[in-house]
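Everything on this sheet refers to the single structure shown next.
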Amino acid sequence: MSVSVYAAVLALMPFIRAEARAQGQDPWTMAAIVFVESRGNPSVVKHELDGSCSVGLAGINVPGCDEVAVEHLKLAQANLRAQAVILKKGAEWCRAHAKTAPCRRGGAVAQYNAGDKGYAARVLGVRKDLMRAGRAKARK
């Protein structure tokens, strides 16, 4: 994919890197999740079948679509911080439960959206493309 497809997410890289660093996470994986979940749109709210909402850049799940939580998670920094913490906790959980299906499928990335069996593969493919686009943008 071209750099323009990823432009919104690449523009967020300084913020993604800061939150990734604070929680010991990979910024390119976080950026790929942002692309898959929102295409870089901090205001996105997806209503899920279970009555919850996936909110903001990283699609943070809010049970019951609590209005205060939804509005807070539309803030890019809050959303990216939540994403980094969720990935960190998912990695810790997978270290303790390595034989579970989501952990075998893709570790913390699969755990991030355990209901979607193809999620980790999709995110990791986008990660690879994003890194390539980031290098191309840096060369310009």
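A few points about this structure:
- When the helices of the chain are scored as -39500 (n - 2.57) per DSSP H run of n ≥ 4 and the total is divided over every residue, the value at 222 nm lands at -20000 deg cm²/dmol.
- Derived scalar couplings ³J(HN,Hα) [segment 7-13; Karplus, 6.51 cos²θ - 1.76 cosθ + 1.60; whole Hz; x for Gly, Pro]: 3, 4, 6, 4, 5, 8, 3
- Partnerless Cys - the chain, beta-carbon criterion under 4.7 Å: none
- Computed from the Cβ-Cβ distance with R0 of 25 Å, the FRET efficiency linking E67 to N41 stands at 0.85.
- Charged side chains reduced to their Cβ positions (Lys and Arg at +1, Asp and Glu at -1) give segment 53-140 a dipole of some 820 debye around its Cα centre.
- Close amide-amide hydrogen proximity is noted between C53 and E48, V62, G64, C65, each under 5 Å apart and 5 or more residues distant or on a separate chain (H modeled in the peptide plane; Pro and chain starts excluded).
- Annotation: the chain has a Kirkwood hydrodynamic radius of 15.1 angstrom, from the mean reciprocal C-alpha pair distance.
- Placing unit charges on the Cβ atoms of the charged side chains and taking the dipole of the chain about its Cα centre, the candidate lying farthest along the positive direction among V44, A101, A76 is A101.
- Total charge dipole magnitude, segment 1-98, about the Cα centre, Cβ charges on Lys, Arg, Asp, Glu only, Debye to nearest 20: 380
- Taking amide H as placed 1.01 Å from N in the peptide plane, the amide H of D116 sits under 5 Å from none that are at least 5 places away or on another chain.
- At 0.692 mPa s and 37 °C, Stokes D of segment 1-62 from Kirkwood alpha-carbon radius, µm² per second: 272
- Rounded Å value of the spacing that divides the Cα centres of segment 82-140 and segment 1-78: 13
- If R0 is 41 Å, the Cβ-Cβ spacing of K140 and A22 corresponds to a FRET efficiency of close to 0.90.
- In this rough spin-label picture, where each label sits 7 Å from Cα along the Cβ direction, the S4-L49 distance is 3.6 nm.
Where a number appears in this text, it was derived from the coordinates with a stated rule and is not lab data. Values in this document were obtained by computation on a predicted structure and should not be read as measured data. Counting neighbours? That spans all protein chains shown, and the Cβs are built from the backbone with ideal geometry, glycine included.
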